[in-house]
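Structure first, commentary second.
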Amino acid sequence: MPHRIIFSDIDGTLLNAERELSQFTISEIKRIKNKIPVILISSRMPSAMVHLQEELNITNQPIICYNGGLILVDKKPIHSTQIPLSVLEELNEFNTGTKFHISVYQDDDWFVPEMDFWAHREMQNTKVTPTVKLTKEVINLWKPQHKGAHKIMCMGAEEEIDKAFLFLEKKYGKILHLYRSKPTYIEIAHKSISKLTAIEMLLNTHFKISLSDTVAFGDNYNDIAMIKAAGIGVAVANAKQETLKIADVVTLSGKEDGVATYIKNNI
């Protein structure tokens, strides 16, 4: 069985009900980490992933952030794909007539317009504190530096997020990946990247391991491509129906240590 390298999603997959790593998960990954690389792959920013690497004692391994928008090896970027700043400008203009939160991410920076309900919720989930700066100020900061966003996240009442989704889909559907992780969320990334493209890049340039020798764990829509392509694609039991359908294996739910259970029984 192809168990030469492991790629695991974080939220909904690797973490328990407290959104933390269980001792079982920590012990199982520590048991195998010296013979099988374990790579975290997430829509999170780097600092929201590194503390998990530290707990697992895998800080020597690369991390794939922003659903493949940023790949770090030895804490340095080997790949970066950003959303054009013009998208953020137009989204911010559109939001003057609506009322939703816009979080903006670039490298290890996270900007929020205010510390509202949504900012506090994400801060609690990721254990990272954002920088408060109006979106217009972020645009003005980045423009002379020719920077874009690795991720934009819109959060708010479902009807407002519906409006934002329709606007973005109509205007930028050809260049953006719009992911409704929840009815009140839109996670925005560049359409050219995905978790699978990031995995393929790391395998080819860093590990020299075939995709058929990988194991990938996930739960959500943005995990489908990598689970389908991996040598063994494993869905946790709480995964979306579409994810469960294409998985080679279904393990216990994330809250029940599904990843650790699979590792214990198979590796």
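Taking the criterion of being free of Cβ contacts under 8 Å to residues at least 60 places away in the same chain and either in a loop (DSSP other than H, G, I, E, B) or in the same structural domain as Asp11 (by TED's automatic domain parsing) (or both), would at least one residue in region 102-114 satisfy it?
Scanning region 102-114 turns up at least one residue that is free of Cβ contacts under 8 Å to residues at least 60 places away in the same chain and either in a loop (DSSP other than H, G, I, E, B) or in the same structural domain as Asp11 (by TED's automatic domain parsing) (or both).
Which numbered condition in (1) surrounded by fewer than 22 Cβ atoms within 10 Å (Cβ to Cβ); (2) in the same structural domain as Leu14 (by TED's automatic domain parsing); (3) under 22 Å from Lys151 (Cβ atoms) is the only one that Lys240 fails?
Only one criterion is unmet by Lys240, namely (2).
Residue check: is Glu137 surrounded by fewer than 16 Cβ atoms within 10 Å (Cβ to Cβ), farther than 27 Å from Asn16 by Cβ and free of Cβ contacts under 8 Å to residues at least 24 places away in the same chain? Walk me through it before giving the result.
On the way: surrounded by fewer than 16 Cβ atoms within 10 Å (Cβ to Cβ): yes; farther than 27 Å from Asn16 by Cβ: yes; free of Cβ contacts under 8 Å to residues at least 24 places away in the same chain: yes.
Spelling it out, Glu137 is indeed surrounded by fewer than 16 Cβ atoms within 10 Å (Cβ to Cβ), farther than 27 Å from Asn16 by Cβ and free of Cβ contacts under 8 Å to residues at least 24 places away in the same chain.
So Pro144 passes all but one of these: (1) more than 19 Å from the chain's Cα centre (by Cα); (2) part of a strand (DSSP E or B). Which condition number does it fail?
In the conditions (1) more than 19 Å from the chain's Cα centre (by Cα); (2) part of a strand (DSSP E or B), Pro144 misses (2) alone.
For Asn222, indicate whether it is in contact with a Phe, Trp or Tyr (Cβ under 6 Å, 6 or more places away or on another chain) and outside any strand (DSSP E or B).
On the way: in contact with a Phe, Trp or Tyr (Cβ under 6 Å, 6 or more places away or on another chain): yes; outside any strand (DSSP E or B): yes.
So Asn222 fits the description; yes.
Quick one: would you say Lys35 is over 19 Å from the mean Cα position of the chain (by Cα), assigned by TED's automatic domain parsing to the domain that holds Glu169, of a type outside the set (Phe, Trp, Tyr) and not in a helix (DSSP H, G or I)?
On the way: over 19 Å from the mean Cα position of the chain (by Cα): yes; assigned by TED's automatic domain parsing to the domain that holds Glu169: no; of a type outside the set (Phe, Trp, Tyr): yes; not in a helix (DSSP H, G or I): yes.
No: the conditions fail for Lys35.
Residues in region 5-32 that are part of a loop (DSSP other than H, G, I, E, B) and out of contact with any Phe, Trp or Tyr (no Cβ under 8 Å at 6 or more places or on another chain): how many? Working first, answer last.
Step one: of region 5-32, the residues part of a loop (DSSP other than H, G, I, E, B) are 9-22.
Filter again for out of contact with any Phe, Trp or Tyr (no Cβ under 8 Å at 6 or more places or on another chain), leaving 10-12, 15-22.
Going through region 5-32 one residue at a time, the tally reaches 11.
Buried (at least 16 other Cβ atoms within 10 Å of the Cβ) and either assigned to a strand (DSSP E or B) or touching a Phe, Trp or Tyr at 6+ places or on another chain (Cβ under 8 Å) (or both): which single residue out of Ala189, Ala198 fits that description? First the steps, then the outcome.
Details: Ala198 fails: either assigned to a strand (DSSP E or B) or touching a Phe, Trp or Tyr at 6+ places or on another chain (Cβ under 8 Å) (or both).
Going through Ala189, Ala198 in turn, just one is buried (at least 16 other Cβ atoms within 10 Å of the Cβ) and either assigned to a strand (DSSP E or B) or touching a Phe, Trp or Tyr at 6+ places or on another chain (Cβ under 8 Å) (or both): Ala189.
Return the residue satisfying two criteria in turn: it lies in region 22-55 and is crowded, with 20+ Cβ neighbours inside 10 Å and out of contact with any strand residue (DSSP E or B) (no Cβ under 7 Å at 6 or more places or on another chain), and of such residues it is farthest from Glu122 (Cα to Cα).
In this case the residue turns out to be Glu28.
Could you list, in sequence order, the residues of region 169-186 that are in a strand (DSSP E or B) and under 15 Å from Pro84 (Cα atoms)?
If we filter region 169-186 for residues that are in a strand (DSSP E or B), which is where we start, we get 176-179, 185-186.
Once the filter is applied, which keeps residues that are in a strand (DSSP E or B) and under 15 Å from Pro84 (Cα atoms), region 169-186 yields Leu176, His177, Leu178.
Of all residues in region 79-102, which are at pLDDT below 95 and surrounded by fewer than 15 Cβ atoms within 10 Å (Cβ to Cβ)?
Those that are at pLDDT below 95 and surrounded by fewer than 15 Cβ atoms within 10 Å (Cβ to Cβ): Thr96, Gly97, Lys99.
In this structure, is Tyr105 under 20 Å from the mean Cα position of the chain (by Cα) and either modelled with pLDDT under 95 or surrounded by 13 or more Cβ atoms within 10 Å (Cβ to Cβ) (or both)?
Judged against the criteria, Tyr105 is a match.
In the list Thr131, Thr126, which residue meets the criterion of being of a type in the set (Ser, Thr, Tyr), surrounded by 13 or more Cβ atoms within 10 Å (Cβ to Cβ) and either in contact with a Ser or Thr (Cβ under 9 Å, 6 or more places away or on another chain) or not assigned by TED's automatic domain parsing to the domain that holds Arg44 (or both)? So that I can check it myself, show each step before the final result.
Details: Thr131 fails: surrounded by 13 or more Cβ atoms within 10 Å (Cβ to Cβ).
On inspection, the qualifying residue turns out to be Thr126.
Which residues, taken from region 51-86, are in contact (Cβ under 8 Å) with a residue 60 or more places away in the chain and in a helix (DSSP H, G or I)?
First, the residues of region 51-86 that are in contact (Cβ under 8 Å) with a residue 60 or more places away in the chain: 51, 62, 64-71, 73, 78-85.
Once the filter is applied, which keeps residues that are in contact (Cβ under 8 Å) with a residue 60 or more places away in the chain and in a helix (DSSP H, G or I), region 51-86 yields His51, Tyr66, Asn67, Gly68, Leu85.
The values are calculated or read from the model by the stated rules, or taken from the named source; none is laboratory data. Note that this is a predicted model, so its numbers are computed, not measured. Please note: Cβ atoms are built from the backbone with ideal geometry, for glycine as well, and neighbour counts cover all protein chains shown.
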